[in-house]
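The values are calculated or read from the model by the stated rules, or taken from the named source; none is laboratory data. From a predicted model like this one, the values you see are computed outputs, not experimental measurements. No Cβ is skipped: glycine too gets one built from the backbone with ideal geometry, and neighbour counts run over all protein chains shown. These accessible areas exclude ligands, DNA and RNA; they are computed on the full protein's heavy atoms, side chains included. Shrake-Rupley method; radii C 1.70, N 1.55, O 1.52, S 1.80 Å.
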Amino acid sequence: MRPLLAANWKMNPPTLDQAVELALRVAPVARRARARVEVALLPPFVWLESVAGVLRDDEIGVGAQDCHWERSGAYTGEVSAAMLSGWCQWVICGHSERRGYFGETDEQVARKVRAGLDAGLNVILCVGEREEEMVAGRTEAVVTHQLGAALEGLAADLGRVVVAYEPVWAIGTGRNADPERAGATMALIRQMLVGWGAEEPRVLYGGSVNAGNATDYVGLSVCAGCLVGGASLKAEEFSTMIERVAELGGDGDRA
Ligand code: PGA
């Protein structure tokens, strides 16, 4: 399976013109590499339609960064997975910034995952430990708990779930996790997914991924790609990342 590079733009860029320009600059590179790398751009809700418009007819994915679990209702400011399904193919659930800044609970994340799948979307579920949990040696326990809370019992739908292992302390800090250690956690995640019946589990790494280190992760047999924040906002850097990952050869021999 081709490695996936998913660009989490977060609340960026600040204007529509910049969002369209970024998509326009990345698109040709992603198109050239598409036999070897799967690329998905995840802009803010309001830029989804325009970014999808730029990428139309391309095999480049588009996704949202969050969704609500109900189809519709009195939830001021929210956007449902069902509403998103006409505009994109992917949705992120349980990003640590949602869990941390907005108090999202494991239960809410689980409902969002279910809603995303019910709406026909592919879900990128984020899991990962905070710094103090890592220091206390609780990485496995935290990740195992988050995964179980969100995915246990999904069985047949697991094929549309990609898990992104994102140590919270590595996000936006420039302190990317040691690939070998991240690989061990990703192997554990993979094993859990297989245990629940996933046939081709896909586990990504995220956290300060850049053009210089992406292949350190994607080169691992347990790693099916990366969820990229800051570096995905720089057209040149993200393009270089796509090209380098393409050179690794995503040709189906991955674990
Ligand atoms: P970062 O963000 O690449 O800027 O560390 C990753 C993420 O939050 O998904």
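Using C-alpha pairs below 8 Å separated by at least 6 residues, the relative contact order for the range 4-248 is 20 percent. Each residue, K234 and E200, gets one label point 7 Å from its Cα in the Cβ direction; the gap between the two is 3.3 nm.
Once Rg and the Kirkwood radius are both taken over the C-alpha atoms of the range 15-157, their ratio Rg/Rh works out to 1.01.
Applying 1/(1 + (r/R0)^6) with r as the Cβ-Cβ distance of D118 and R25 and R0 = 30 angstrom yields a FRET efficiency of 0.30.
Counting only protein heavy atoms and using a 1.4 Å probe, what share of the accessible area of the chain belongs to carbon plus sulfur, as a whole percent? Can you show the working numbers first?
Details: 5490 of 11390 Å².
The computed percentage sits at 48.
Note on D178 and V135: the model spin-label points, each 7 Å out from Cα along the C-beta direction, lie 1.7 nm apart. Please check: in the Gaussian network model of the chain (C-alpha springs, under 10 Å), which one of G197, G207, G225 has the largest mean-square fluctuation. Most flexible of the set in this elastic network: G197. On full extension, the segment bounded by F45 and H145 gains 33.1 nm, given 0.36 nm per residue less the C-alpha separation.
Beyond 16 Å, what share of the Cα-Cα pairs of the range 9-70 remains, rounded to the nearest whole percent? Pairs farther apart than 16 Å: 41 percent. At a probe radius of 1.4 angstrom, the accessible area of the chain per residue rounds to 45 square angstrom. Label positions at Y75 and E247, each projected 7 Å from the Cα along the C-beta direction, are separated by 4.4 nm. Here the chain is assigned +1 on the Cβ of each Lys and Arg and -1 on the Cβ of each Asp and Glu. Its dipole about the Cα centre then comes out at about 240 debye.
How high is the FRET efficiency between D106 and A35 when r is their beta carbon distance and R₀ equals 30 Å, given to the nearest 0.05? Efficiency, rounded to the nearest 0.05: 0.20. Note on the chain: Kirkwood radius taken over Cα pairs, Stokes-Einstein applied at 20 °C and 1.002 mPa s, translational D equal to 119 µm² s⁻¹.
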